[in-house]
1. State all residues of region 94-111 that are crowded, with 19+ Cβ neighbours inside 10 Å and over 14 Å from the mean Cα position of the chain (by Cα); if no residue qualifies, say none.
2. Can you pull out every residue in region 112-147 that is at positive phi and open to solvent by 70 Å² or more (accessible area, probe 1.4 Å)?
3. May I ask you to list pairs of residues, at least six apart or on different chains, whose Cβ atoms are under 6 Å apart, with the first in region 37-54 being more than 14 Å from Leu65 (Cα to Cα) and the second being open to solvent by 10 Å² or more (accessible area, probe 1.4 Å) and of a type in the set (D, E, K, R)?
4. For the condition part of a helix (DSSP H, G or I), on the phi < 0 side of the Ramachandran plot and either without any contact (Cβ under 8 Å) to a residue 40 or more places away in the chain or surrounded by 15 or more Cβ atoms within 10 Å (Cβ to Cβ) (or both), what is the one hit in Arg159, Arg154?
5. When region 52-72 is examined, which residues are found to be open to solvent by 50 Å² or more (accessible area, probe 1.4 Å) and not charged (D, E, K, R)?
Amino acid sequence: YFFSCSFYSFKGSIPSHIDSIVISPIENTTSEFLITDLLNEKLLESMLLENILDIVTFENADSKLDVKINSITDKPNIYSIDTNSQYEVVNEWKITINIQIVWYDLINDQNILDKSINEWVTYSLGIDIGQDNLDNDLDGLIDAEDSDEYGTPREGSLRIVLEKISNRIINELTSTW
């Protein structure tokens, strides 16, 4: 029998001349100023965890990542009729964040990737997302089964959707070539 160990790296799908990246300050065109810091934290955490490129200063970078938060919307997702008042009641909200990413090759002076990304999660008002019986992030896990479902409804949902966005950014960077 022959046993082998292999090492898997995302670097094979990134242009061979790019070993490093600088992440520009995130631009935020919304009035939700908190999400800029949260997304920056999640993105850096994901980049370091996946170890796809060295994160360096602009002077030492082979590439640059620009992230712009274009919009954040909260919209009713599921309604019901209040039996006492006969008015519609919102049972579930959907928060959606749209960002634009541009990955720029500083060596060859050209865009590698320019893409819009949308991610969303759902939540119920007034109920901790760890107890709302919703699969807030559509990962097949609900409440106590899901390690990322905790906190107040909107803040927890923001944290989850920003995690989804940072993971999408990593996927986009690694599937470009």
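The values are calculated or read from the model by the stated rules, or taken from the named source; none is laboratory data. These figures come from a predicted structure and were not determined experimentally. Backbone-built Cβ (ideal geometry, glycine too); neighbour counts: all protein chains shown. The area values use the complete protein model at the heavy-atom level, side chains included, leaving out ligands, DNA and RNA. Shrake-Rupley method; radii C 1.70, N 1.55, O 1.52, S 1.80 Å.
1. Within region 94-111, the subset crowded, with 19+ Cβ neighbours inside 10 Å is 95, 97, 99, 101, 103-104.
Passing the criteria: Trp103, Tyr104.
2. Within region 112-147, Gly126, Asn133, Leu138 meet the criteria.
3. Listed by first residue and then by second, the contacts come to Lys42/Glu163.
4. Exactly one residue qualifies, and that residue is Arg159.
5. Ile55, Thr57, Phe58, Asn60, Asn70
Per-residue answers, yes or no, for (1) modelled with pLDDT under 95; (2) of a type in the set (A, V, I, L, M, F, W, C):
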| residue | (1), (2) |
| --- | --- |
| Cys5 | yes, yes |
| Pro15 | yes, no |
| Asn28 | no, no |
| Glu45 | yes, no |
| Leu49 | yes, yes |
| Val56 | yes, yes |
| Ser71 | no, no |
